[in-house]
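A short reminder: the numbers here are calculations on the coordinates, not readings from a lab. What you are looking at is a predicted structure, and each value in this text was computed from that prediction instead of being measured. Neighbour counts run over all protein chains shown; Cβ positions are idealised from the backbone, glycine included.
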Amino acid sequence: MAIVVFLGVLLGLMALGMPIAFALILTGVALMVQLDFFDAQNVALNVIEGANNFPLMAVPFFMLAGELMNAGGISRRIVDLAVTCLGHIRGGLGFVAIGACVLIASVSGSAIADTAAVAAILIPMMRANGYDIARSSGLIASGGIIAPIIPPSMAFIIYGVTTNVSITKLFIAGIAPGLMMALTLVLTWRWVSRKEAVPTQPRQPWSVRAKAAVDAIWALFMPVIIIGGMKAGIFTPTEAAVVAAVYALLVGMFVYRGLKLSDLPHVFISAAKTTAVVMFLVAAALFTAYMITLAELPGLVIGLLEPMLDSPKLLMLAIVILLTVVGTAMDLTPTILILGPVLAPLVVRAGIDSVYFGVMFILVGAVGLLTPPVGTVLNVVCGVARIRMEAIIRGVSPYLIAYTVLILLFVLVPELITMPARWFG
């Protein structure tokens, strides 16, 4: 009965167009009523307690770091370095987009921020050079979803807090699959663009490349500081977020001088607005997760999937299919907050590594950002490129197929994620 109440109320409210955060709170209230211990004060206390979590302090600071990075010129210098090194290759701006997405992902942690930064700089360049904009926009959107996988990842922070999995271990485990996603895009773009008759950028002399590298060196140090500091045990992921924000502020103001005092109010307000949306979602979902636990929903789900517990790969395949379907209708953060607490105990019971599952959960959910009708990342690129949704769906299709193959490979060979995680760890 609890499963029926949970799904019926949540899906019904979402179908009516209610914002997800309010739908989650009311779903928790419905479970309270069903369990016959409704208490309004308990609802308020649990919602407040949901946001009162020290690791979640990383969210506003990484958001702020991303805003400062874009406003201070750090993103542009990363793209300029990629153009200087790769622009002369056939289809070179596509490879530039992939490289820029990886580099910016290693400092932003947000798929939307990563995609918007790369799209705003590269789509006008690709259009001016005669690239097919639908294919190019699809590539940039596909590169943008590397951000939730390569650390520092906002999605890993939320998943770790929600399911009580080590955020540092998730960060380390995300490095290899993130790079494999980039390699997948390189191979797919090479195949897609083989008939692209576009002019290449002139090959730059080594002196120009060296100058671009020196100019971008402060930007490239940012991921080294974040990952290196956590790996060495100098600071936690939450402290790393503060370091990233301060570093982006200092570099943007005093090194690149693209950030002025007058720009700071706009940057802070923009980061605060985005943070407020995410934190309210998290607070609402953690209250619902509390009620899910009291209603023993994880145990009920385990009972339903009991026949698959002896076959971890079959169970993973079933969960991947479930997350893929959910991802077409729900954004990544609500997916983590709703399904994370339900599925995490299930995979532990089946003997699946919790960190491996966390990476797979976020990877499949991130691919959902490329699928309509929600397709948050697609909407961002459509707005920047000024193209219709139908065009970008056509352009993103080859990369979706390639990502699906990569996910199936990870299901069949979990060691592709777990072994590099042990090496890096």
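Descriptive notes on the structure:
- Multiplying the residue separation of Val186 and Thr404 by 0.36 nm and removing their Cα-Cα distance gives an extension gain of 77.0 nm.
- Once the chain from Leu294 to Asn42 is taken as fully extended at 0.36 nm per residue, the excess over their C-alpha distance is 89.4 nm.
- By the rule of a C-alpha distance below 17 Å, with chain neighbours fewer than 8 residues away ignored, the lysines paired with Lys231 are Lys169.
- Between helix 133-144 and the chain: long-axis angle, C-alpha atoms, 0 to 90°, nearest 10: 60
- Residue order for Ser311, Ser207, fewest other beta carbons within 10 angstrom first, comes to Ser207, Ser311.
- Near-label residues of region 273-316 by backbone N, under 16 Å of a point 7 Å along Cα→Cβ of Glu49: 283-296
- Relative contact order for region 39-424, counting Cα pairs under 8 Å that sit 6 or more residues apart, in percent: 28
- Unit Cα scatterers, Debye sum, region 39-424: log10 I(q)/I(0) for q = 0.11, 0.13 Å⁻¹: -0.77, -1.07
- Residues in region 214-255 that a label on Ser166 would reach, taking backbone N under 17 Å of a point 7 Å out along Cα→Cβ: 227-240
- The stretch between Ile234 and Val325 holds 28.7 nm of extra length on full extension. This uses 0.36 nm per residue minus the Cα-Cα distance.
- Put in line by how crowded their Cβ is, counting other Cβ atoms within 10 Å and starting with the fewest, Met14, Met230, Met181 read Met14, Met230, Met181.
- Going from the residue with the fewest nearby Cβ atoms within 10 Å to the one with the most, Ile145, Ile393, Ile167, Ile407 rank Ile393, Ile407, Ile167, Ile145.
- FRET efficiency for Glu390 and Ser354, using Cβ-Cβ distance with R0 set to 41 Å, rounded to 0.05: 0.55
- Reciprocal of mean inverse Cα separation for region 279-425 (Kirkwood radius, Å): 16.6
- Taking label points 7 Å from Cα along the Cα-to-Cβ direction, Trp206 and Asn129 give a separation of 2.3 nm.
- Neighbour net charge for Phe61 - beta-carbon separation under 13 angstrom, K R +1, D E -1: -2
- Charging the Cβ of each Asp and Glu at -1 and of each Lys and Arg at +1, and nothing else, the dipole of the chain about its Cα centre rounds to 1740 debye.
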